[in-house]
1. Tell me, what is the per residue accessible area of the stretch 112-262 in Å², probe radius 1.4 Å?
2. For the stretch 183-237, place one equal point scatterer on every Cα, skip the solvent, and apply the Debye formula. What is log10 of I(q)/I(0) at q = 0.19 Å⁻¹?
3. Hey, got the Cα dimensions of the stretch 73-186 along the principal axes, in Å, largest first?
4. Would you kindly state how much longer the chain becomes between Val215 and Ile271 on full extension, computed as 0.36 nm times their sequence separation minus their alpha carbon distance, in nm to one decimal?
5. Going down the table (Lys223/Lys289; Lys80/Lys151; Lys84/Lys151; Lys78/Lys157; Lys201/Lys281), which pairs top 27 Å between alpha carbons?
6. Can you tell me the length gained on complete extension of the stretch Val242 to Glu144, counting 0.36 nm per residue apart and subtracting the Cα distance?
7. For Ile105, what residues show an amide H to amide H distance below 5 Å, using hydrogens built from the backbone and excluding near sequence neighbours?
8. Carbon and sulfur atoms: what percent of the 1.4 Å accessible area of the stretch 205-291 do they account for?
Amino acid sequence: MVYQQDQGAKAKPIDWYMMTKEPYLHIGQPLVAYNAYEYRTYYPMRHIVGEETSSLIGCFRQGRYENLIVFSDAYFEKVKDYWKTTDMNTGEPVEPGEAVLENTIHEGPTVMALVNLPKSAVREQEERADQIMAEFQEAHAYDESFDPLVKSAYSKKEAVTRRQMEHILETVMNGFVLVMLLTAGILMLHMKVNMELPEIKTRYQFMECFGMRRVERVRNMKKEVSRFVWIPLGTGTVISMVFTGIVWGLRDFQMDDIRRYVLWQGLIWMIYAIIQIGNMKWLQRMVIKLK
């Protein structure tokens, strides 16, 4: 039983403790509580005999498969009635006389259902469907108590809306970070030029005394300033392209996703470069005036 998000991490057991290659793995009824000092009793060490590093699962066409969890049908056929004899609080065997439903034993979900509303459904039908799903979740509150991220029922509309809001928030935050980095880069460039300004003036005066023509002196001064822009800009471009290629490989991006990324990211890079080059031109004019 494994789960995996992307190639950044290998497939992991669902319920594991501490180790990854030879994890302390619990298989059976979920444990509400257990003695942590005796975790080896409830989480015996097991060896992972096979694993795959790939983008296995995802949501809404992210990854090779969608929401994939690998189960063993043979194992579940063997243990499907174990809940009748397993204490739901400790995972230990319970005596037949002490097996009380919802007190010491609990039967988990046994059926997975997919409900589709027709595209022509009116608002009243959608509201009724949401109400039924809310009632279903309320009836299965115990099953959701093991993990707040694992629900007993999911709504595609709710998931899509949440993902859209997350995407908007990510876009705003990333834009804010880009603006902050751009501002910091401009300020650092100004600080660097001001720190180098006395030496630039000295070199200009030396070149003037040496008899160099004004055009050549101005060209050299511009080069003094431009190297503070072109070197970081070129280095950052190469590093970002390499990093982007690695991310594409790890996340198994489709060609359509790559095209959209290249379009928008290229536009952002172009705007960033124009602002940095414009700032460089302004600094060059300032240095020439202060010579």
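1. That works out to 79 Å² per residue.
2. -0.71
3. Largest to smallest, the principal-axis extents are 74, 44, 28 Å.
4. Length difference between fully extended and current span is 17.1 nm.
5. Cα-Cα > 27 Å for Lys78/Lys157; rest within.
6. 31.1 nm
7. Met88, Val100
8. Roughly 69 percent, rounded to a whole number.
The values are calculated or read from the model by the stated rules, or taken from the named source; none is laboratory data. Everything numeric in this text was worked out from a predicted model, so none of it was measured. Glycine gets a Cβ as well: all are built from the backbone with ideal geometry, and neighbour counts include every protein chain shown. The accessibility values were calculated without ligands, DNA or RNA, using every heavy atom of the protein model including side chains. Shrake-Rupley method; radii C 1.70, N 1.55, O 1.52, S 1.80 Å.
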